[in-house]
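These notes concern the structure reproduced below.
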Amino acid sequence: MTASSPVHPREVLFGANERPASLPVCDHYAGVPERMRKSLELQAELGPVFDVTLDGEDGAPVGGEIEQAHRIAELVTSPPNVHGRVGARVVPVSHPAFLGMVEVIVRRAGARLAYLMIPKVDGLADLQAAAQAIDHVARGAGIERPIPLHALVETHGALRDVHALAAHPRIESLSFGLMDFVSAHRGAIPQSAMSARGQFEHPLVVRAKLEISAACHAAGKTPSHCVVTEFKHPAKLQEAATRAARELGYTRMWSIHPAQVRPIIDAFTPSAAEVDQAIEIIAKAQAAHWAPISHMDTLHDRASYRYFWQVLERAWRTSYAGGPQLPAEVRRAYFEPDA
């Protein structure tokens, strides 16, 4: 924007320490070599509206973790990674191969790595140990930027420390590990709680999801919802993604099959009516120099302006190639000022 342009909403509505999190709404996991390559191709096609996490934990054969780390590093640094939104999941910090995987991935690909996912943290101490090890390797490789960290909350200890985990300065996002969390209850939670619908009905599972979401929002981090394993049932996925976004406050969700990517993005995309309303209110607010306004017989001020601006930001983050797009004038005014 030029010096004579109106003040950008981000500048007037949010302080330096309260900018909204802006990660893509979908995190797609792939661990089989062919599927990892296909995931990068899909991302190149749709745009940076979803992240690709190359899986070195569940995606690697037992004993083959270091070989998988080399595959991951090669793909992160390869030409198909056109958007720089490729991360990696390593093994837990307690695993014998943890440091070896970190050495390979960070030294070979740390400069282009979007983030590292740390699974099965059993509390704040595990996260601190992982961060220290990763930073030590990064410094040795001459990487100055702190590599963003994501963590999986799937143990009792992690849920106990969830607010401390979310507040950790290196954490960018926390994900809920449904399957391991249910298994950690030693049969006390039924198998049905791992299904697309049952995970929204069992009180212990819902409580865990809410704790994670609340902790992330309090710390300004991104809560990422768990998988839906019934990948051949798009209606179940759509319902779960919509409930995660609308009822539990999640702003991101895992995909484990390419067919899940677009439905997840669509579920987290604001409706056309929501976008239209947000455009009208933000334009009116900006014209009023962010003083209170009346819109459709309802008063609005900076508190509600923040909400409607976040609707527009979410619409921008979910505008994939061939999908719903913001109007060109809105993109030029707020998101593509040099276009």
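The values are calculated or read from the model by the stated rules, or taken from the named source; none is laboratory data. Computed from a prediction, not measured in an experiment: that's the story for all the values here. Cβ coordinates were reconstructed from backbone atoms using ideal geometry, including for glycine residues, and neighbour counts include every protein chain displayed. Remember, those area values only see protein heavy atoms, side chains included, never the ligands or the DNA or RNA. Shrake-Rupley method; radii C 1.70, N 1.55, O 1.52, S 1.80 Å.
So the values come out like this:
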| read-out | value |
| --- | --- |
| Residues satisfying the stated conditions in segment 209-226, i.e. free of Cβ contacts under 8 Å to residues at least 60 places away in the same chain and either in contact with an Asp or Glu (Cβ under 8 Å, 6 or more places away or on another chain) or within 16 Å of A267 (Cα to Cα) (or both) | P223, H225, C226 |
| Subset of segment 108-127 [within 17 Å of D161 (Cβ to Cβ) and in a helix (DSSP H, G or I)] | L124, A125, D126, L127 |
| Qualifying residue in segment 198-208 (condition: in contact (Cβ under 8 Å) with a residue 40 or more places away in the chain and of a type outside the set (A, V, I, L, M, F, W, C)) | yes |
| Which listed residue is within 26 Å of Q43 (Cα to Cα), of a type outside the set (D, E, K, R), in contact with an Asp or Glu (Cβ under 8 Å, 6 or more places away or on another chain) and open to solvent by 10 Å² or more (accessible area, probe 1.4 Å), from P146, P92 | P146 |
| Any hit, segment 65-83, residues being within 20 Å of the chain's Cα centre (by Cα), in contact (Cβ under 8 Å) with a residue 60 or more places away in the chain and open to solvent by 10 Å² or more (accessible area, probe 1.4 Å) | no |
| Any hit, segment 281-289, residues being among the β-branched types (V, I, T), at pLDDT 95 or above and either assigned to a helix (DSSP H, G or I) or more than 23 Å from the chain's Cα centre (by Cα) (or both) | yes |
| Top-ranked residue of segment 252-265 - restricted to ones that are out of contact with any His (no Cβ under 9 Å at 6 or more places or on another chain) and buried (at least 16 other Cβ atoms within 10 Å of the Cβ), ranked as farthest from E201 (Cα to Cα) | R262 |
| Failed item in (1) in a loop (DSSP other than H, G, I, E, B); (2) within 20 Å of P48 (Cβ to Cβ), with K232 passing the rest | (2) |
| Checking A321 against (1) outside any helix (DSSP H, G or I); (2) exposed (fewer than 12 other Cβ atoms within 10 Å of the Cβ); (3) out of contact with any Leu (no Cβ under 6 Å at 6 or more places or on another chain), the condition it does not meet | (3) |
| Selection within segment 324-338 - surrounded by fewer than 18 Cβ atoms within 10 Å (Cβ to Cβ) and either in contact with a Pro (Cβ under 6 Å, 6 or more places away or on another chain) or touching a residue at least 12 places away in the same chain (Cβ under 8 Å) (or both) | P324, P327, R331, F335, P337 |
| Hits in segment 7-38 - residues which are in contact with a helix residue (DSSP H, G or I) (Cβ under 7 Å, 6 or more places away or on another chain), at pLDDT 95 or above and buried (at least 17 other Cβ atoms within 10 Å of the Cβ) | P24, V25, C26, H28, A30, M36 |
| G157 vs. criteria buried (at least 16 other Cβ atoms within 10 Å of the Cβ) and either of a type in the set (A, V, I, L, M) or in contact with a Leu (Cβ under 6 Å, 6 or more places away or on another chain) (or both) | no |
| Scope segment 86-124; condition within 18 Å of G63 (Cβ to Cβ) and either of a type in the set (A, V, I, L, M) or at pLDDT below 95 (or both); matching residues | V90, V91, A97, L99, M101, V102, V104, I105 |
| Meets criteria (at pLDDT below 95 and closer than 23 Å to F335 by Cβ) for G59 | no |
| A44 closer than 16 Å to N81 by Cβ and buried (at least 23 other Cβ atoms within 10 Å of the Cβ) | no |
